[in-house]
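Colleague: Can you keep this structure in mind? I'll have questions shortly.
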Protein chains: 2
Amino acid sequence: MPATVLSDWLAQRLNRHDESPVYRQLHKLLQEAILSRALGAGTKLPSSRVLAMEIGIARNTVTQVYEQLTLEGYVTAGIGRGTFVADTASDEIDTGDAEVSSLIAGGALPVLSARGTRLLNGAGVFPRQGGAFMPGVPDVTRFPASVWNRIHSKHWRRLQPDLMTYAPAGGLPVLREVLADYLRAARSVRCAPEQIIITTGIHQSIDLATRLLTDPGDTIWTEDPCYWGVRSILQASGVQLKPIAVDDEGMALSATDLEAPPRLILVTPSHQYPLGMVMSLGRRRMLLEYARQHRCWVIEDDYDSEFRYESKPLACLQGMDPERVIYVGSFGKTLFPGLRVGYIVVPRALAASFAMASAELYREGQMVQQAILADFIKEGHLSSHIRRMRMVYKQRRELVLAAIRRRYGAKLPIEGGDAGLHLVLLLPDSVDDHQVAAAALAVDIVVRPLSTYFSRRENARSGLLIGYACVMDERIEAAFEQLADVIDGYLSCKREFTST
Amino acid sequence: MPATVLSDWLAQRLNRHDESPVYRQLHKLLQEAILSRALGAGTKLPSSRVLAMEIGIARNTVTQVYEQLTLEGYVTAGIGRGTFVADTASDEIDTGDAEVSSLIAGGALPVLSARGTRLLNGAGVFPRQGGAFMPGVPDVTRFPASVWNRIHSKHWRRLQPDLMTYAPAGGLPVLREVLADYLRAARSVRCAPEQIIITTGIHQSIDLATRLLTDPGDTIWTEDPCYWGVRSILQASGVQLKPIAVDDEGMALSATDLEAPPRLILVTPSHQYPLGMVMSLGRRRMLLEYARQHRCWVIEDDYDSEFRYESKPLACLQGMDPERVIYVGSFGKTLFPGLRVGYIVVPRALAASFAMASAELYREGQMVQQAILADFIKEGHLSSHIRRMRMVYKQRRELVLAAIRRRYGAKLPIEGGDAGLHLVLLLPDSVDDHQVAAAALAVDIVVRPLSTYFSRRENARSGLLIGYACVMDERIEAAFEQLADVIDGYLSCKREFTST
């Protein structure tokens, strides 16, 4: 196959409705083409700009795939030279690692395990971590760095050997105490400090709970849609996910769902992720009653409830039944994501086991940082930073809402606009939100397609997650206009939209 | 059962040869006694001091078990009042969580999953992290804190938003570059920066490799003895461990072993953990040849090879076959454990997959810390700190060796004395090293029983891990004398010993 027909060949085979992301599909197709010698050694591949344009995906995606293929030795690249298919045939005689390549090619050696392949195929992590309109990322430029640095220097001025070794099971006691007070006041969490286990964030909290409370094959209910990271961790632990659709009141269980109780139920009652609804009090009561009757544990992910702009939040679910609900949260949104401090609040009966297992599995440290954080909270900086940022985000949210209204009036519905760090702009379901997001990325606007957050195709809706927290006020309108121009290109071809 | 006969009842049931640690056994026995009403509500338990003495275990252990039972609501404690069995019967009527207690009691509700229970029963983590003679813990008091603080302030003076968000897949590029240079020079590791994935340490490195390269049920060869943390992580991932005995040349495979190739082989070739031998060149070649033939991956844990006092180390295994060996290491021993920075170096064919999976599974951050560490290494502080500490540890090792020789001559053999942060003092196998360690702990000397590091009873040897790195020079002799007094109490009753 000459490289000139490569674009057509790829375009025919890329399936945007496939569960596997375009990145993985393109990588696999090119690998196959090279291994099967359809693309012969020495063939020059089209430039990433040209290929991206011809097959209608983001240039970034092509660049990344080329980089991975280079790393893996399938192609060679040189600045200003272009990208060429490597001469894998001669390698097979010369070097040890060609043996691997040929075995992979022959299917004899699965490089990754089945669970590893599943993990990567379902991966939701994204190479960009900021810019308009990256969802879920707070504005870190307003972080009171000088305060943090002052407390840091205080702790390092006099070296404290006790803080430099491994952490005691559960984390630094003073942080657990400060946190118990904070969570009681801010979120109505009912717990003693011993029930709090310090983790590196939601990923580790869910991993710990899953390993301790479930066995491979156990069923876990998740909301559909939900956070991709949680889905990946659960799957990597070998449990069966049962995605439950959500409606305006949160997780909406059908009679059939109720027949087979799960081992764990994972919910985001304060602010459904990513759609934003609040679970109603009725549903909360029903859920807890069901969990008690059927002896399942409920995990409450309270990931960004500090930022609520229009109404007072309901208290957390944990406060309604502290012996049944496991509460997880982190400082990633309230302080900064790179801090990597989260917490899991567990029932008294589980506290000692969770503390010990976390020490055994993760062997944590970072106690200097925990001590700094404890001081930071005690001195009132966390609360005042949250208050300050709530005003900042409220303003940005209003700017985005105004920009949407100006451009679309009420034509495109908005979900989840009254809390958190992002909102969801719904698109007609006939519009492929992956395509819109890829086209937006090509003009350097990051939005994430809503449909990727759904586990079941029949529940999926088309839309865009628009994160406004990390976009400067003065950038918002222009960035949204750029995005809207992209959106319009997809809306204009849709009869359904113009007719409503 | 009145509390006065409790000690006898417990002493009869505690089994020091059981795989489960004494802590877990005692906890379980007391739970059973309370739930079965053998110990009635209101019964006063003996003080921790009295109970520890009467059943011959460390007081610390009893205190911890009492604390856990208090947390779990089985007993109530008040300062100066003593510890009393709680009135669980009335709870069953009154409160929601008593339902749980009664279900647990009735066996209806397993609080933890089977894998969670296994994890805790096999847990090796220890509440103490320092003191004479805690193995595996470096001397953190010599860490150049002022240098670290200076670099920290430099990075925080001007807030760098890019470093405060989530880490790019694989970690901060500049740290990966600096690390590739360091590992090439110091350990003959052959890799490009892209092949290095920054992790939080050996636990996360092994977890990542296991999840990507194995499926539940796959076999993994481990050395016997090996590090408890690795054993726990592998088991938590559902793989089958096949412990392979070691001899003077390292992992010693029998013909039977070779018949069933594993998916992964985990070795510590530079310094077998915890026995300290170096894997011979012959064994290295055989191992790699076998791995190539049978397409298994080899994981090389190079945990403390920087500290070698008598001889030059062999280069690492990875350098002999970079496309077959996965190399893991950390800064826990060279800088300080609480830093939580480690790395995994993977073959080129796996690099992109490992980077992406680590972002997906752990969603790492801590880039400011990674930037500080990169500067620290570039400015030469890592190398000079290691050189300095090598002299400190060499001196301490000589002090311990001298103390052992003075007291025992050649009567008790020593293993692994020429490298690392600990040595192993072998005891006659008729001596129960758990008992010795527990008795030592009662006089505030921490040593860990060698037999716990073995997976198979038939391979197990009796001995004590003596860590000298975190003990001040002037404390070593007196601390060893205290320990020797404890040891002698156990040696004197052993005919085998006095007759040799």
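Colleague: Of all the residues that make up the stretch A:203-224, how many are closer than 21 Å to A:GLY276 by Cβ and in contact with a Lys or Arg (Cβ under 8 Å, 6 or more places away or on another chain)? Don't jump to the end; show me each part of the working.
Modeller: So the first thing to find is which residues in the stretch A:203-224 are closer than 21 Å to A:GLY276 by Cβ, and the list is A:206, A:221-224.
Narrowing the set further to residues that are in contact with a Lys or Arg (Cβ under 8 Å, 6 or more places away or on another chain) leaves A:221-222, A:224.
Looking only at that region, the number is 3.
Colleague: Another question about this same structure. Quick check on my filter: what residues within the stretch B:135-163 are within 9 Å of another protein chain (Cβ to nearest Cβ), surrounded by 16 or more Cβ atoms within 10 Å (Cβ to Cβ) and more than 19 Å from A:LEU339 (Cβ to Cβ)?
Modeller: Scanning the stretch B:135-163 gives B:VAL137, B:PRO138, B:ASP139, B:VAL140, B:PHE143, B:ALA145.
Colleague: Hey, another quick one. From B:SER280, B:SER270, grab the single residue that is crowded, with 24+ Cβ neighbours inside 10 Å, at pLDDT below 95, more than 25 Å from A:GLY217 (Cα to Cα) and touching an Asp or Glu at 6+ places or on another chain (Cβ under 8 Å).
Modeller: Being crowded, with 24+ Cβ neighbours inside 10 Å, at pLDDT below 95, more than 25 Å from A:GLY217 (Cα to Cα) and touching an Asp or Glu at 6+ places or on another chain (Cβ under 8 Å) holds for just one of B:SER280, B:SER270, which is B:SER270.
Colleague: Just one of (1) surrounded by 15 or more Cβ atoms within 10 Å (Cβ to Cβ); (2) at pLDDT 95 or above trips up A:ALA402, so point out which.
Modeller: In the conditions (1) surrounded by 15 or more Cβ atoms within 10 Å (Cβ to Cβ); (2) at pLDDT 95 or above, A:ALA402 misses (1) alone.
Colleague: Counting only residues that are outside any loop (DSSP other than H, G, I, E, B) and under 25 Å from the mean Cα position of the chain (by Cα), how many does the stretch B:363-379 have?
Modeller: So the answer is 3.
Colleague: Which residues, taken from the stretch B:216-261, are away from chain A (no Cβ under 14 Å) and assigned to a helix (DSSP H, G or I)?
Modeller: B:ALA255, B:THR256, B:ASP257, B:LEU258, B:GLU259, listed by residue number.
Colleague: Could I ask something else about it? Pick out the one residue from A:ALA33, A:ALA52 that is surrounded by 15 or more Cβ atoms within 10 Å (Cβ to Cβ), modelled with pLDDT under 80 and among the small types (Gly, Ala, Ser). Walk me through it before giving the result.
Modeller: On the way: A:ALA52 fails: modelled with pLDDT under 80.
It is A:ALA33.
Colleague: Still on this structure: With respect to A:GLY409, is the statement that it is crowded, with 21+ Cβ neighbours inside 10 Å and at positive phi true?
Modeller: No.
Colleague: May I pose another question? Determine whether A:TYR327 is at negative phi, more than 25 Å from the chain's Cα centre (by Cα) and of a type in the set (Phe, Trp, Tyr).
Modeller: No.
Colleague: Select from the stretch A:113-123 the residues that are among the small types (Gly, Ala, Ser) and facing another protein chain (nearest Cβ under 7 Å) and list them in ascending order.
Modeller: Of everything in the stretch A:113-123, those that are among the small types (Gly, Ala, Ser) and facing another protein chain (nearest Cβ under 7 Å) turn out to be A:SER113, A:ALA114, A:GLY116, A:ALA123.
Colleague: Does the stretch B:455-469 hold any residues that are within 18 Å of B:ASP247 (Cβ to Cβ) and either open to solvent by less than 10 Å² (accessible area, probe 1.4 Å) or among the acidic types (Asp, Glu) (or both), and which are they?
Modeller: Correct list: B:GLU458, B:SER462, B:GLY463.
Colleague: While we're here: Can you find even one residue in the stretch A:288-295 that is polar (S, T, N, Q) and either part of a strand (DSSP E or B) or within 14 Å of chain B (Cβ to nearest Cβ) (or both)? Write out each step before concluding.
Modeller: Of the residues in the stretch A:288-295, the ones polar (S, T, N, Q) are A:293.
Now restrict to residues that are either part of a strand (DSSP E or B) or within 14 Å of chain B (Cβ to nearest Cβ) (or both): A:293.
For the stretch A:288-295, residues polar (S, T, N, Q) and either part of a strand (DSSP E or B) or within 14 Å of chain B (Cβ to nearest Cβ) (or both): present.
Colleague: Kindly indicate which of A:LEU382, A:LEU423 is modelled with pLDDT of 95 or more and either assigned to a helix (DSSP H, G or I) or under 30 Å from B:LYS333 (Cα atoms) (or both). First the steps, then the outcome.
Modeller: Working: A:LEU423 fails: either assigned to a helix (DSSP H, G or I) or under 30 Å from B:LYS333 (Cα atoms) (or both).
Checking each option against the conditions leaves just A:LEU382.
Colleague: What is the residue count in the stretch B:322-362 for residues that are touching an Asp or Glu at 6+ places or on another chain (Cβ under 8 Å), open to solvent by less than 10 Å² (accessible area, probe 1.4 Å), more than 22 Å from A:LEU120 (Cα to Cα) and in a loop (DSSP other than H, G, I, E, B)?
Modeller: The number of residues fulfilling the criteria is 1.
Colleague: Hey, another quick one. Which residues, counting only those in the stretch A:164-198, are within 13 Å of chain B (Cβ to nearest Cβ), in a helix (DSSP H, G or I) and more than 27 Å from the chain's Cα centre (by Cα)?
Modeller: Result: A:PRO173, A:PRO193, A:GLU194.
Colleague: Which of the residues that make up the stretch A:92-124 are in a helix (DSSP H, G or I) and modelled with pLDDT of 80 or more?
Modeller: If the condition is that a residue be in a helix (DSSP H, G or I) and modelled with pLDDT of 80 or more, then A:ALA114, A:ARG115, A:GLY116, A:THR117, A:ARG118, A:LEU119, A:LEU120, A:ASN121 are the ones that fit.
Colleague: In the stretch A:425-440, what count of residues is obtained for those that are crowded, with 24+ Cβ neighbours inside 10 Å and more than 22 Å from A:ARG49 (Cα to Cα)?
Modeller: Qualifying residue count for the region: 2.
Colleague: Scan the stretch B:285-294 residue by residue and report those that are open to solvent by 20 Å² or more (accessible area, probe 1.4 Å) and in contact with a Lys or Arg (Cβ under 9 Å, 6 or more places away or on another chain). Show your work before the answer.
Modeller: First, pick out the residues of the stretch B:285-294 that are open to solvent by 20 Å² or more (accessible area, probe 1.4 Å): B:285-286, B:289-290, B:292-294.
Within the stretch B:285-294, just B:ARG292 meets the criteria.
Colleague: Could you list, in sequence order, all residues of the stretch A:430-454 that are among the aromatic types (Phe, Trp, Tyr) and part of a helix (DSSP H, G or I)?
Modeller: Of the stretch A:430-454, the ones among the aromatic types (Phe, Trp, Tyr) are A:453-454.
Correct list: A:TYR453 only.
Colleague: Hey, any hits in the stretch B:125-133 for a residue that's more than 9 Å from chain A (Cβ to nearest Cβ), touching a strand residue (DSSP E or B) at 6+ places or on another chain (Cβ under 6 Å), open to solvent by less than 10 Å² (accessible area, probe 1.4 Å) and modelled with pLDDT of 85 or more?
Modeller: yes
Colleague: From the set of residues in the stretch B:348-373 that are in contact with a Lys or Arg (Cβ under 9 Å, 6 or more places away or on another chain) and hydrophobic (A, V, I, L, M, F, W, C), which is nearest to A:MET367 (Cα to Cα)?
Modeller: B:ILE372
Colleague: Go through the residues of the stretch A:489-499 one by one and say whether even a single one is under 30 Å from A:MET391 (Cβ atoms) and either open to solvent by 50 Å² or more (accessible area, probe 1.4 Å) or among the small types (Gly, Ala, Ser) (or both).
Modeller: No, the conditions are met nowhere in the stretch A:489-499.
Colleague: Return the residues of the stretch B:297-316 that are assigned to a loop (DSSP other than H, G, I, E, B) and either aromatic (Phe, Trp, Tyr) or modelled with pLDDT of 95 or more (or both); say none if nothing qualifies.
Modeller: Across the stretch B:297-316, the qualifying residues are B:TYR303, B:PHE307, B:TYR309.
Colleague: From the set of residues in the stretch B:199-215 that are more than 18 Å from A:VAL111 (Cα to Cα) and of a type in the set (Val, Ile, Thr), which is farthest from the other protein chains (Cβ to nearest Cβ)?
Modeller: Looking at the filtered set, the residue picked out is B:THR199.
The rows are residues; the columns are (1) modelled with pLDDT of 95 or more; (2) open to solvent by less than 10 Å² (accessible area, probe 1.4 Å).
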residue	(1), (2)
A:LEU179	yes, yes
A:ARG184	no, no
A:ALA192	yes, no
A:ILE196	yes, yes
A:GLN204	yes, no
A:LEU208	yes, yes
A:PRO216	no, no
A:ILE220	yes, yes
A:TYR227	no, no
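The values are calculated or read from the model by the stated rules, or taken from the named source; none is laboratory data. This one's a predicted model, so the numbers in the text were calculated from it and none came from an experiment. Backbone-built Cβ (ideal geometry, glycine too); neighbour counts: all protein chains shown. Protein only, heavy atoms only, side chains kept; ligands, DNA and RNA dropped before computing areas. Shrake-Rupley method; radii C 1.70, N 1.55, O 1.52, S 1.80 Å.
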